[in-house]
1. How would you classify segment 25-89 from its alpha-carbon gyration tensor, with a ≥ b ≥ c the square roots of the eigenvalues: rounded for a/c under 1.5, else prolate if a/b is greater than b/c, otherwise oblate?
2. Expected output is a single nm value to one decimal: the length gained when fully extending between S46 and S62, i.e. 0.36 nm times separation in residues minus the C-alpha distance. What is it?
3. For a quick check: with amide H placed at 1.01 Å from N, whose amide H comes under 5 Å from D12's, ignoring anything fewer than 5 positions away on the same chain?
4. Sort 20-28, 44-52 for me by packing, meaning the mean count of neighbouring Cβ atoms within 10 Å per residue, highest on top.
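The numbers here are math on the coordinates, done by the rules we state, and not lab data. Note that the structure is predicted; figures quoted are calculated from it, not measured. Here Cβ is always computed from backbone atoms with ideal geometry, including for glycine, and neighbour counts include all displayed protein chains.
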Amino acid sequence: GRRFMTRKLQIDELFLGNFGGLRNHRLVLPGSDLVIVYGDNESGKSTASTLMSWLLVGPYGSSEASQRFGEPGERLTGHLIGSFNGDPLRIDGQFNVLKSGAPNSNGVKASFQTKELSIDEWRQKIGGIDPAVLNAVYRMWGGDLHDSSGILAEVAQVALAGLGSGVRLGEV
């Protein structure tokens, strides 16, 4: 059998300083292994999920997608506080919305084990998390759970890609 090292990323707080329609909004999470965020349509669930993703792996997508969260030239801000493998973690993000292209990752800084890391150094540290993984997990919970076959197939595809070649779906 194949052995995988389990790394634990725990998010305790997400702060949206200026992101989407939310200003100075703090989302405090209970620190358990499974957290479900729910609310009415247009209440900010997708906005919070996108900021979390941008902080963890850097911004991605088209300029039109990023302009959903702010006007061109606007500065979007937020931070995430938690721990990784039990060590304190804080990730701060400042993103300038562009007329063309996704905001760049230069405004993302992680403080971990008393060191400041760039987004690239942070990605190397955590490994295995990318926008596809985050989107699949979000879709699994945010999609229509009465018709979950497409969502589960997407999650399985991302999981297989993350595990590498030679792994069969039955093993996942």
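1. Oblate, since a/c reaches 1.5 and b/c is not below a/b.
2. Working: separation 16, 0.36 × 16 = 5.76 nm, distance 1.64 nm.
Result for the pair: 4.1 nm of gain on full extension.
3. Amide H neighbours of D12: I81, G82, S83.
4. 44-52, 20-28
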